[in-house]
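Since the structure comes first, as structure tokens, the remarks are kept for the end.
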Amino acid sequence: MLIASTLDDALAAVAAGARPIAGGSDLVVGARHGKAPLPASLVAIDRIAELQTVTETADGGLVLGAGVSHHVIETHPVITGHFSGLADASALVGSPSTRHVGTIGGNVMNGSPAMDTGAPLVVLGATVELRSTTGTRTVSIGDLWTGPGRTAAAPDELCVAVHLPAPPPRSGSAYVRLEYRRAMEIAVVGAAAAVTLDADGDVASISVALSAVAPTILAVSGLTGLAGRSVADVAAAAAEAAAEQARPISDLRASDRYRRHTVGVMARRAVEAAARRAAGETIAVPVNRALGIGAVAATPGAPS
């Protein structure tokens, strides 16, 4: 395994067929579960300083290096204040140790339809910067995922950054998920919402995306006509649209029928929380814990 100290070294290794690894949380777990063997060639990119920066743009946007950890995202004041839905999601990833080593780039490029950060990135309008030895291109986050565990990135391309545009004034975002336990959990269903309010407190714009109910993260369509309606009306309409458009499967964790019902509930809660933040209310990260959504805290002394 090569340990890259510069981005050029990493790109050269990827071009030669090496698989990039930062935290390695998804790669190692997948190998242990027999989903895929460890690649024959790896390049460690966790020591490349360029990939670990959080940079505010002049217009209020944000650039997250692909190596930024979930712990940084869940605690960074700019992200918790202006891109709260993403902070909600990163705060729910795995355990504290997982969040310290797991990265936003690894999460995005793993392509899991149940990833927590995917739905918030969609509603926040994120783009992904892919780089190879021959050039750089930017891909809309929704166009990146082509199927479960698959992306539109070429074999020689490395995700180097995630770009977030500046949120409009009077806007807020939130991510909530249905979970059976509070740690080391994968979303049964999840929903993210970004809401902008008008001067009267009604919804000026709304975006909702869902996790774990389709082969890729699902952006809910048909919500543009809700502008000008009350938060309660929009939340109800978004819940109905989410349940209708979801394409869940049945597995050991939940049936398709259960997922279809509960994703509507999660979508409504995400819209309501995002609207409260847009109105200026402070809701701590993650929303799941602040509002008591999902698994309850274990009784002290009881087995987790």
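The values are calculated or read from the model by the stated rules, or taken from the named source; none is laboratory data. All values derive from a computational prediction rather than experimental measurement. Note: ideal-geometry Cβ built from the backbone for every residue, glycine included; neighbour counts use all protein chains shown.
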Odd one out for residue 284, checked against (1) over 19 Å from the mean Cα position of the chain (by Cα); (2) exposed (fewer than 15 other Cβ atoms within 10 Å of the Cβ): (1)
Given (1) over 23 Å from residue 79 (Cβ atoms); (2) in contact with a Leu (Cβ under 7 Å, 6 or more places away or on another chain); (3) not aromatic (Phe, Trp, Tyr), index of the condition residue 147 fails: (2)
Subset of region 45-96 [out of contact with any Gly (no Cβ under 9 Å at 6 or more places or on another chain), part of a loop (DSSP other than H, G, I, E, B) and not charged (D, E, K, R)]: 57, 58, 60, 61, 76, 83, 91, 95
Residue tally, condition touching a Leu at 6+ places or on another chain (Cβ under 9 Å), farther than 19 Å from residue 111 by Cα, crowded, with 21+ Cβ neighbours inside 10 Å and among the hydrophobic types (A, V, I, L, M, F, W, C), over region 206-236: 2
Close pairs from region 239-253: first under 16 Å from residue 224 (Cα atoms), partner of a type in the set (Ser, Thr, Tyr), Cβ under 7 Å, at least 6 apart: 245/221
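Mind listing just one residue for me: the one in region 102-128 that is within 22 Å of residue 14 (Cα to Cα) and touching a residue at least 60 places away in the same chain (Cβ under 8 Å) and, of those, surrounded by the most Cβ atoms within 10 Å (Cβ to Cβ)? Step through it out loud before you land on a result.
Filtering region 102-128 down to residues within 22 Å of residue 14 (Cα to Cα) leaves 102-112, 127-128.
Applying the additional criterion that residues be touching a residue at least 60 places away in the same chain (Cβ under 8 Å) yields 102-103, 105-107, 110-112.
Numbers: 102: 25, 103: 29, 105: 25, 106: 24, 107: 25, 110: 17, 111: 22, 112: 20.
So the residue we want is 103.
Could you check region 97-174 for strands (runs of 3 or more DSSP E) lying wholly inside it with 1 or more residues that are under 25 Å from residue 6 (Cβ atoms) and among the charged types (D, E, K, R)?
Details: elements: 127-132, 135-140, 145-147, 158-164.
Fully inside region 97-174 and qualifying: 127-132, 135-140.
Okay, residues lined up against (1) among the aliphatic types (A, V, I, L, M); (2) within 11 Å of the chain's Cα centre (by Cα):
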position: 114; (1), (2): yes, yes
position: 121; (1), (2): yes, yes
position: 124; (1), (2): yes, yes
position: 128; (1), (2): yes, no
position: 148; (1), (2): no, no
position: 153; (1), (2): yes, no
position: 160; (1), (2): yes, no
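Matching residues to (1) modelled with pLDDT under 95; (2) surrounded by 17 or more Cβ atoms within 10 Å (Cβ to Cβ):
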{"site": "238", "(1), (2)": "no, yes"}
{"site": "242", "(1), (2)": "no, yes"}
{"site": "245", "(1), (2)": "no, yes"}
{"site": "257", "(1), (2)": "yes, no"}
{"site": "267", "(1), (2)": "no, yes"}
{"site": "273", "(1), (2)": "no, yes"}
{"site": "279", "(1), (2)": "no, no"}
